[in-house]
Amino acid sequence: MRSSNPVFSRRGFSRDNGTAGFNGQQPQAGGPAVGTANPYATGNPYAEGATNPYATNPYAPQDTQLGAPQQARGNVMTIDDVVSRTAMTLGTVVLTATLAWFLLPVDPANLGKSYGIAIGAALVALVLALVQSFKRKASPALILGYAAFEGVFLGVISAAVSTYIADGVVIQAVLGTMAVFAGVLIAYKLGWIRVNRRFYGFVMAAAMGFMLLMVANLLFSVFAGGDGLGFRSGGLGIVFGVVGVILGACFLALDFKQVEDGVTYGAPREEAWLAAFGLTMTLVWIYLEMLRLLSILQGDD
């Protein structure tokens, strides 16, 4: 399982003809996966017609029912592994964000320096994320490094927004991110969200279009000044902020699907780091979009 964030994903897990849920048949380890796609098929991770990629894994679960008791194995990814690794990466983000908030002041005399450090940290985080996305195995050092530098960027940006736009908006953005996470998780577990090839293709197309529009807006703002095409202010900015949050929620559904299938297929324990990496990137995306949306709404008051 690669990063579950579709921007960086090159492989993934899929089963039950690409649909997601917590009920159904578990593929039998050591034999063909029942009606599933090959998680490691090149290109579309929901391509059909292959076998369980962990069929030869001696640690893979041997039970055929998803809800059946499984024999304890020493090297299989579990939900607890994903939770603990995600807690470590998100904890690193929060820690470095807090340090940046207090150690990199955003008063007028130091704003330029703090912004420069934040932009540099964001670039380093992007490079680390790209390096990890092209590695075949998870590197905890790269993932935690990404989390640390991303936290510096978030800390400075959050402090600036809280200081110059609206005090309290950061807490609102955090609560909003948590609400989106909880809502998508509940909807996924209840089967209201079904992740299949069509869903994956739609999210990928929407994400590409969203990113291209944001890049175009950035270029127009650099060369023409102001807010470029207006995607970061006013009514249009609110619309695109809502779209960004919805896309983040779709990314979460893809993340949950890959975590579920990783546990189902008996993925190696180190794959939990990749699950944590994808979840962290998605939550950072949602937080930034939520912060931007709330900043626009607070600024219009």
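Summary table below
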| item | result |
| --- | --- |
| Residue under evaluation residue 156, criteria (1) buried (at least 20 other Cβ atoms within 10 Å of the Cβ); (2) modelled with pLDDT under 90, criterion not met | (2) |
| Flag for residue 159 being touching a residue at least 12 places away in the same chain (Cβ under 8 Å), under 30 Å from residue 114 (Cβ atoms), of a type outside the set (Lys, Arg) and in a helix (DSSP H, G or I) | yes |
| Positions within the range 71-99 being over 20 Å from residue 259 (Cβ atoms) and modelled with pLDDT of 95 or more, in sequence order | 94, 95, 96, 97, 98, 99 |
| Boolean, residue 138 is touching a residue at least 40 places away in the same chain (Cβ under 8 Å), over 21 Å from residue 173 (Cα atoms), part of a helix (DSSP H, G or I) and of a type in the set (A, V, I, L, M, F, W, C) | no |
| Selected residue (only one of 216, 276, 272 is loosely packed, with under 15 Cβ neighbours inside 10 Å and either within 20 Å of residue 77 (Cβ to Cβ) or at pLDDT below 85 (or both)) | 216 |
| Test for residue 100: is it surrounded by fewer than 17 Cβ atoms within 10 Å (Cβ to Cβ), more than 17 Å from residue 271 (Cα to Cα) and of a type in the set (Gly, Ala, Ser) | no |
| Top-ranked residue of the range 179-213 - restricted to ones that are surrounded by fewer than 14 Cβ atoms within 10 Å (Cβ to Cβ) and among the aliphatic types (A, V, I, L, M), ranked as farthest from residue 245 (Cα to Cα) | 190 |
| Residues satisfying the stated conditions in the range 73-117, i.e. of a type in the set (A, V, I, L, M) and outside any helix (DSSP H, G or I) | 76, 77, 104, 106, 109 |
| Selection within the range 86-97 - aliphatic (A, V, I, L, M) and either surrounded by 13 or more Cβ atoms within 10 Å (Cβ to Cβ) or under 17 Å from residue 120 (Cα atoms) (or both) | 88, 90, 93, 94, 95, 97 |
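The values are calculated or read from the model by the stated rules, or taken from the named source; none is laboratory data. Computed from a prediction, not measured in an experiment: that's the story for all the values here. With ideal geometry, Cβ positions are generated from the backbone for all residues, glycine too; neighbour counts draw on all protein chains shown.
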